[in-house]
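Visitor: First, the structure itself, so that you have it in front of you.
The values are calculated or read from the model by the stated rules, or taken from the named source; none is laboratory data. This one's a predicted model, so the numbers in the text were calculated from it and none came from an experiment. Methodologically, a virtual Cβ is constructed for each residue, glycine included, from the backbone with ideal geometry; neighbour enumeration extends over all protein chains shown.
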Amino acid sequence: MTALKSIQELQSRMNQSIIGQEKLVERILVGLLANGNMLLEGLPGLAKTRAVKALAQELKADLSRIQFTPDLLPSDITGSEVYQPELEEKFVFQAGPIFSNLVLADEINRAPAKVQAALLEAMEERQVSVAGKTHKMEPLFMVLATQNPVEQEGTYPLPEAQMDRFVMKVLIGYPDMESEAKVLQLVRNESKSSQSKKENEPLSQDIIFAAREEIQDVKVSESAEKYIVDLIFATRYPEKYNKELASWLDFGASPRGTISIDKCARVMAWLNGRDFVQPDDIRAIIHDVLRHRLILSYKANAEGVDPDKVIDEILKVVAVV
């Protein structure tokens, strides 16, 4: 089985257990293949946690779940040195839950800044430094963080530096009526057949590494590169396009945004069976890649303008080369 067919099989399996959230499943796989971290935002009960669990179950990957709370400490995530006098080396590193293939950071905005900072090194450098020693993460490593957009009491907004380390921020909405009915049927059937259900054989992690190698060979033409750069520069210098756009934006996307668009667009092209990027691949993922990297002005917030509307306007004013 080719890498593409294996990934399509993985996607199909996940869609069977997460009804009505096909876009969420696709975006999680795009983030995984782009070797990035994901921020999932949606109301409670919209299958954020279930999607991450389904990925771990179908991929033969270890999963750690960290429930973020205000009293959480950095060492609760990274691990710490433990004193063991019976050993020759008295202090032994006891790894924390961050040392896993998939890390579900549930309600990440409920922990204070010092706990958020403990994730930064792992998310970017794929390592953790404790007591002067560096500990490497697993070859397959991904942080999938969730947050609730409604409850703000007792939460801590994520720092811009950490937001920028998420390759995509995915907004999760309600399923449609047909999917809602299928969810009921699925849960009933799971309850009935929990004892006798035959699990599919989990897919090997090797398919992810094989897919990533193929994605590296996906070509990005000069015109596609220019389109990506033009879109990013429109977020930084909106006054060159129109006054309304300039009044909405205080700060644009960083070079991480440029790199993330390039990575995710190549993944989208590969998933569609192509070895080159089209403008449609860029437009398909730009909202998820940029919505958390833009800092809107007071005027935009007062007028109820959200990042997605700003990105829509940017797509209108930036020409495809």
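Visitor: Looking at Ala131 and the list (1) in contact with a strand residue (DSSP E or B) (Cβ under 6 Å, 6 or more places away or on another chain); (2) modelled with pLDDT of 85 or more, which single condition is not satisfied?
Guide: Single failed check for Ala131: (2).
Each row is one residue, and each column tells you yes or no for (1) loosely packed, with under 13 Cβ neighbours inside 10 Å; (2) out of contact with any His (no Cβ under 7 Å at 6 or more places or on another chain); (3) over 23 Å from Gln205 (Cα atoms).
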residue: Phe68; (1), (2), (3): no, yes, yes
residue: Leu73; (1), (2), (3): no, yes, yes
residue: Ser80; (1), (2), (3): no, yes, yes
residue: Gln84; (1), (2), (3): yes, yes, yes
residue: Ile98; (1), (2), (3): no, yes, no
residue: Leu102; (1), (2), (3): no, yes, no
residue: Asp106; (1), (2), (3): no, yes, yes
residue: Asn109; (1), (2), (3): no, yes, yes
residue: Val115; (1), (2), (3): no, yes, yes
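Visitor: Looking at Leu55, Leu140, which one is modelled with pLDDT of 85 or more, within 15 Å of Leu40 (Cα to Cα), out of contact with any Gly (no Cβ under 9 Å at 6 or more places or on another chain) and surrounded by 13 or more Cβ atoms within 10 Å (Cβ to Cβ)?
Guide: None of the other options fit; the residue is Leu55.
Visitor: Then there is this: Residues that are under 30 Å from Arg13 (Cα atoms) and not assigned by TED's automatic domain parsing to the domain that holds Val289, at least 3 per element: which helices (runs of 4 or more DSSP H) completely within the range 32-151 meet that?
Guide: Answer list for the range 32-151: 48-59, 113-125.
Visitor: I'm trying to understand the selection: among the residues of the range 290-313, which are touching a helix residue (DSSP H, G or I) at 6+ places or on another chain (Cβ under 7 Å) and either under 19 Å from Arg212 (Cα atoms) or of a type in the set (Asp, Glu) (or both)?
Guide: Across the range 290-313, the qualifying residues are Asp308, Glu313.
Visitor: Can you confirm whether Asn35 is under 26 Å from Trp270 (Cα atoms) and crowded, with 19+ Cβ neighbours inside 10 Å?
Guide: Spelling it out, it is not the case that Asn35 is under 26 Å from Trp270 (Cα atoms) and crowded, with 19+ Cβ neighbours inside 10 Å.
Visitor: Would you confirm, using the coordinates I've provided, whether Val143 is closer than 19 Å to Lys53 by Cα and in contact (Cβ under 8 Å) with a residue 40 or more places away in the chain?
Guide: In short, yes.
Visitor: Of the numbered conditions (1) in contact (Cβ under 8 Å) with a residue 40 or more places away in the chain; (2) of a type in the set (A, V, I, L, M, F, W, C); (3) under 17 Å from Ser297 (Cα atoms), Val220 fails exactly one; give the number of that condition.
Guide: For Val220, the failing item is (3).
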